[in-house]
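Participant: The structure is given below, and queries will be raised subsequently.
The values are calculated or read from the model by the stated rules, or taken from the named source; none is laboratory data. Bear in mind the structure is a predicted one, so any value in this text is a computation, not a measurement. Here the Cβ positions follow ideal geometry from the backbone for every residue, glycine too, while neighbour counts run over all protein chains shown.
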Number of protein chains: 2
Amino acid sequence: MKKNIFYAQSGGVTPVINATASGIYDNYKKNKKSFGKLLIGKNGIAGAINEELIDLNKESKKEISKLIHTPGGAFGSCRIKLSDYKNNKNEYEKILNVFKKHNIGYFLYNGGGDSQDTTLKISKFFNQQGFKIQCIGLPKTIDNDLEETYSCPGFGTVAKYIATSTLEASLDVASMSKSSTKVFILEVMGRHAGWLAASSGVIKNLNNSAPHLILFPEIKFNQSDFLNRTQQAIKENGFCVVVASEGIRDYKNRFISASAQKDSFGHAHLGGVAPILAKLITDKLKYKVHWAVADYLQRASRHLGSSSDVRQAYEVGFQSINLLLSGASDVMVTVKSKARNGKWLTGSVNLARVANKERILPNNFITKDGYNITSICKKYILSLIDGEDYPPFKNGLPDYAKLKLNILEKKLK
Amino acid sequence: MKKNIFYAQSGGVTPVINATASGIYDNYKKNKKSFGKLLIGKNGIAGAINEELIDLNKESKKEISKLIHTPGGAFGSCRIKLSDYKNNKNEYEKILNVFKKHNIGYFLYNGGGDSQDTTLKISKFFNQQGFKIQCIGLPKTIDNDLEETYSCPGFGTVAKYIATSTLEASLDVASMSKSSTKVFILEVMGRHAGWLAASSGVIKNLNNSAPHLILFPEIKFNQSDFLNRTQQAIKENGFCVVVASEGIRDYKNRFISASAQKDSFGHAHLGGVAPILAKLITDKLKYKVHWAVADYLQRASRHLGSSSDVRQAYEVGFQSINLLLSGASDVMVTVKSKARNGKWLTGSVNLARVANKERILPNNFITKDGYNITSICKKYILSLIDGEDYPPFKNGLPDYAKLKLNILEKKLK
């Protein structure tokens, strides 16, 4: 009897993670004779722990075809980091039992650095138990912070949204600056890595054009230097556009954002740097400031998909099925670089080399003053925001997939 | 000698105010024999006061053709409300002198309710001085709060962006809600009128679908009722999506947002309702909350233009030239309704009937519970977000107009 595939989505979702699911589905269909069912975990690994499985073949083909342009995690995601086996025997054994009962022989897990760690841990446990399974990680993160891959699916679309939004807002503040607002601040995601903040830098074409100041988590925030430069930009251009990473920290390494809820990965949940910077400028420089916090608007911004990113997301999904067919395990699919025809080349890397790692901006991607990006960085980001992939619209609104997500009857009590 | 036209943009800009300029330009070109130059005030009425005039014919035709898809105010806007003549003789006389020296016989002013008041005041003053001029107001405001017009150019595009962004973010929070974020709050513009918050309601297709709670400035904010309903939505759906107007107020009529910088129209500059509501939910209900403040991202969101809105903006501009040709004065161009072919019908109304007025949401547009929109409201908003009008992109970024904005040599010292 052919073994079934288990696929799940993990961590913060992206505008194109469902395009990866779409790539998996298409190549699975092409190779249906080699596999059993394509089962999907509801809410990431929680679907395996709780035996909440969805059979993708039971969804309407029409809705499945919309996955490629639908943001969010269509099957639910999770922020669950499996602790080591010795502290968490129960969950590991639940997963094993569910996989056995449902005849699962292939595990595809789609996430960031923490999720690659989960895949590796589960694989090791299964191996110790003598349970035969192939485990493949698929990259996904808008933060672009996975090691060993040219880029992470999800980043390109969000980068395109941030660059476009910064350009648009800078036209707005430029119009208002003579008699009203002089500073616009956009807060973007990025706890430790400044890739998203950096993406705003691609719109800068002249020394005095926006964004005037990019605040990276890689660079310690210096209040007086920041205020001086803001003042200077206003003097030179009449206005100042600032793009700030949520994760900027002061010289004592404390987050500028005070709010620090923690998620179950132990990451501080940030947000609120923009209003703090706005108050600082209003208090010290007496200018009128507008600020925006993009939050989920950026992470779900599929209405302005980057074609380059959507293809990349699709291809890593498609490729994961080829890796299963080749017998591979304990690897993550990687993105190499674009082939001539705009198609991405993919590869693979041992999970151990990406699990729990975080790739920050290289030094040569940030200008010497610490407030902008270099031409190398610009070229890199431009390669990922190339082309516009719009979802279809119906009655003025995007026509996103609506799945039934019916849970299969449980075999375990 | 043919009289010149003076056009200027005023108040908070919109993603389509330049499409109005584009409509003016095209019809001016068609009727060139009837007019002198098309002069534009830099930074709204300030351009007339300071004799900073731009001759549109001196810009490149290629860049002018991009105005129809370029957000922000391409010629600069202003937040200047002319006080009465008796308190402000100097500025009125400066404007008169500039108009005389530059042979201006037509005044087109593009703004909201305050700007229509400015147009009317200037017209009355000119009349008293025996200076012959035709004064026409053109509607513009993302707030959709002008009286006597079916809608205001600018609203449809921002409404489309808010509806789309709310839909996208609701897919994101739905994915995360099982083990992480349970509430998403989006703060949108709207000081006194809830049109923009209302626009998020068009995505609601089932009782339990997002947005679960819309907070309108028209409805007093009741903290305990809000918390109960948030709790209830989470109980029923696993998550809750809230869209809040920046201008919501408590039962004592105080803005929930504490920050209250004032602009020169005397309006409080709001912002920061979302983090306040987020803290409330975290403190009282102990849920993880994500929040976004759209601010200029919504107001400049031309990358997702509503075709309906762009046409409307263009047509009011085009029509203003026909009104000049017909000898009209002291009126504002209005939008009537769509003709069968998707073209908007326009009309006009006396400036006195729109100056300083503000149209809030009618009672029958808000559901009885005060937290959502009715089907009448939905139908109205859908008529304005119809169709997608994307700007052209170049190297992954929108190709927006870059004007030189050279100031004409001054004739007054």
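Participant: Quick one: is B:V16 buried (at least 20 other Cβ atoms within 10 Å of the Cβ), under 20 Å from A:A169 (Cα atoms) and in contact (Cβ under 8 Å) with a residue 60 or more places away in the chain?
Facilitator: The answer is yes for B:V16.
Participant: Please name all residue pairs, on different chains or six or more residues apart, with Cβ atoms under 8 Å, provided the first residue is in the range B:19-38 and is in the same structural domain as B:S307 (by TED's automatic domain parsing) and the second residue is surrounded by fewer than 16 Cβ atoms within 10 Å (Cβ to Cβ) and outside any loop (DSSP other than H, G, I, E, B).
Facilitator: B:N27/B:N322; B:N31/B:L325; B:S34/B:L325; B:K37/B:D55; B:K37/B:N57; B:L38/B:D55; B:L38/B:N57
Participant: Right, here's the next one. B:A355 is checked against (1) assigned to a loop (DSSP other than H, G, I, E, B); (2) surrounded by fewer than 18 Cβ atoms within 10 Å (Cβ to Cβ); (3) more than 14 Å from every other protein chain (Cβ to nearest Cβ) and fails just one. What number does that condition carry?
Facilitator: (2)
Participant: Identify, please: which residue in the range A:69-102 is closer than 27 Å to B:A174 by Cα and basic (K, R) and is, among those, modelled with the lowest pLDDT?
Facilitator: Ranking the candidates gives A:K81 first.
Participant: Okay, next question. Quick check: anything in the range B:95-107 more than 13 Å from the chain's Cα centre (by Cα), of a type in the set (K, R) and in a loop (DSSP other than H, G, I, E, B)?
Facilitator: no
Participant: Right, another one. Any idea how many residues of the range B:360-413 are β-branched (V, I, T), more than 14 Å from every other protein chain (Cβ to nearest Cβ) and in a helix (DSSP H, G or I)?
Facilitator: Residues flagged as β-branched (V, I, T), more than 14 Å from every other protein chain (Cβ to nearest Cβ) and in a helix (DSSP H, G or I) within the range B:360-413 amount to 1.
Participant: Quick check on A:K61: is it over 16 Å from the mean Cα position of the chain (by Cα), surrounded by fewer than 24 Cβ atoms within 10 Å (Cβ to Cβ), closer than 21 Å to A:G36 by Cα and not aromatic (F, W, Y)?
Facilitator: Yes, satisfied.
Participant: Show the residue pairs meeting these rules: Cβ distance below 6 Å; 6+ apart or different chains; first residue within the range B:320-338 and without any contact (Cβ under 8 Å) to a residue 60 or more places away in the chain and in a strand (DSSP E or B); second residue of a type outside the set (F, W, Y) and surrounded by 15 or more Cβ atoms within 10 Å (Cβ to Cβ).
Facilitator: Note: no pairs meet the criteria.
Participant: Checking the conditions here, which among A:F255, A:F221 is surrounded by fewer than 24 Cβ atoms within 10 Å (Cβ to Cβ), under 24 Å from the mean Cα position of the chain (by Cα) and under 29 Å from A:T157 (Cβ atoms)?
Facilitator: Matching residue, one of A:F255, A:F221: A:F255.
Participant: A:V98: within 14 Å of chain B (Cβ to nearest Cβ), β-branched (V, I, T) and buried (at least 21 other Cβ atoms within 10 Å of the Cβ), yes or no?
Facilitator: no
Participant: Scan the range B:117-129 and tell me whether some residue there is touching a residue at least 12 places away in the same chain (Cβ under 8 Å), polar (S, T, N, Q) and within 14 Å of another protein chain (Cβ to nearest Cβ).
Facilitator: Within the range B:117-129, one or more residues are touching a residue at least 12 places away in the same chain (Cβ under 8 Å), polar (S, T, N, Q) and within 14 Å of another protein chain (Cβ to nearest Cβ).
Participant: Inspect the range A:169-183 for any residue being aliphatic (A, V, I, L, M), in contact (Cβ under 8 Å) with a residue 40 or more places away in the chain, assigned to a loop (DSSP other than H, G, I, E, B) and more than 9 Å from chain B (Cβ to nearest Cβ) and give the result as yes or no.
Facilitator: no
Participant: Could you please find all residues in the range A:19-69 being assigned to a loop (DSSP other than H, G, I, E, B) and farther than 23 Å from A:N97 by Cα?
Facilitator: A:N31, A:E59, A:S60, A:K66
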